[in-house]
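Taking it in order: structure first as structure tokens, then the write-up.
The values are calculated or read from the model by the stated rules, or taken from the named source; none is laboratory data. Everything numeric in this text was worked out from a predicted model, so none of it was measured. All Cβ positions, even for glycine, are placed from backbone atoms using ideal geometry, and neighbour counts span all protein chains on display.
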Amino acid sequence: MEPITVHTGKSVALMRNDVDTDQIIPKQFLKNILKTGFGIHLFYDWRYLKNGRPNPDFILNQPTSKGATILVTGNNFGCGSSREHAAWALKDWGFKVIIAGGYSDIFYMNCTKNGLLPIVLPQTARDILAKATPEETITIDLVHQRVKYANHEFTFEINPTWKDKFLKGTDDIDLTMTYEDQITAFEAKMPVFD
């Protein structure tokens, strides 16, 4: 996982509540387990018209959204099914941070396990962040747990375990491998069956 200490980037505001995982990545695109190639299908039913052409009215299809790494959105983001593909699709599109009013528990954990930083901020803060123009940036200071935009600054909470993993860029496999000597010693004690 790529570490996140301070991230500054362009943002996209999708101020919708209850965006479920089927809206993030529809079920017909859950055909591989490689964690890549899902970004093209992100928000598919909103991004594309019935004829398959990009919907010019959807925010991600506008040229000003190109290169955005921060998604500012509504409450209860990532509700619905537990598909990890939703986090993969957001990450594959290029997002590094999501700022919402809240998340489903499973989606939140899927984000933390895939290097996608989920931040919870109140509506008033998100309304201010949603006003950022394509020329402006938002800075996420994970070390001090602050979101900065223009002359505004908001603090956020994060579990110390997840914060440490993001700061170090470690995932669950990296954490498991810190116990490699103990695992090897345990396995050496196990009887061998033919």
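Give the residues of segment 104-148 that are among the basic types (K, R) and over 16 Å from T73 (Cα atoms), sorted by residue number.
Filtering segment 104-148 down to residues among the basic types (K, R) leaves 113, 126, 131, 146, 148.
Hits for segment 104-148 are K113, R146, K148.
Which residue is farthest from V120 (Cα to Cα), if the candidates are limited to segment 144-158 and must be assigned to a loop (DSSP other than H, G, I, E, B) and touching a residue at least 12 places away in the same chain (Cβ under 8 Å)?
Taking segment 144-158 and keeping what is assigned to a loop (DSSP other than H, G, I, E, B), we get 144-145, 150-151, 156-158.
Still in the list and also touching a residue at least 12 places away in the same chain (Cβ under 8 Å): 145, 150, 156-158.
Values: Q145: 11, A150: 19, F156: 7, E157: 7, I158: 9 Å.
Filtering first and then ranking leaves A150.
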Discussion item. With the structure loaded, tell me whether T184 is of a type in the set (V, I, T), farther than 17 Å from S11 by Cα, assigned to a loop (DSSP other than H, G, I, E, B) and out of contact with any Leu (no Cβ under 8 Å at 6 or more places or on another chain) or whether it fails that test.
Written reply: no
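Can you tell me which residue within segment 9-37, out of those that are of a type in the set (G, A, S) and either in contact with a Leu (Cβ under 8 Å, 6 or more places away or on another chain) or at pLDDT 95 or above (or both), is nearest to D57 (Cα to Cα)? Step through it out loud before you land on a result.
Within segment 9-37, the first condition is being of a type in the set (G, A, S), and the residues that meet it are 9, 11, 13, 37.
From the residues that got through so far, the ones that are either in contact with a Leu (Cβ under 8 Å, 6 or more places away or on another chain) or at pLDDT 95 or above (or both) too are 9, 11, 13.
Details: G9: 23, S11: 17, A13: 13 Å.
Filtering first and then ranking leaves A13.
Among the listed residues G115, G102, which satisfies the condition of being touching a residue at least 60 places away in the same chain (Cβ under 8 Å) and surrounded by 12 or more Cβ atoms within 10 Å (Cβ to Cβ)?
Numbers: G102 fails: touching a residue at least 60 places away in the same chain (Cβ under 8 Å).
It is G115.
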Worksheet item: Of the residues that sit in segment 66-85 and are touching a helix residue (DSSP H, G or I) at 6+ places or on another chain (Cβ under 6 Å) and modelled with pLDDT of 95 or more, which one is surrounded by the fewest Cβ atoms within 10 Å (Cβ to Cβ)?
Response: V72
Worksheet item: Among G37, G67, G9, G52, which is touching a residue at least 40 places away in the same chain (Cβ under 8 Å) and either over 20 Å from I140 (Cα atoms) or more than 16 Å from the chain's Cα centre (by Cα) (or both)?
Response: G37
Worksheet entry | Positions within segment 86-99 being surrounded by 23 or more Cβ atoms within 10 Å (Cβ to Cβ), touching a Ser or Thr at 6+ places or on another chain (Cβ under 8 Å) and more than 15 Å from H7 (Cα to Cα), in sequence order | A86, W88
Discussion item. Need the failing condition index for L129 against (1) surrounded by 16 or more Cβ atoms within 10 Å (Cβ to Cβ); (2) under 17 Å from A13 (Cα atoms); (3) in contact with a Pro (Cβ under 9 Å, 6 or more places away or on another chain); (4) not β-branched (V, I, T), just the number.
Written reply: (3)
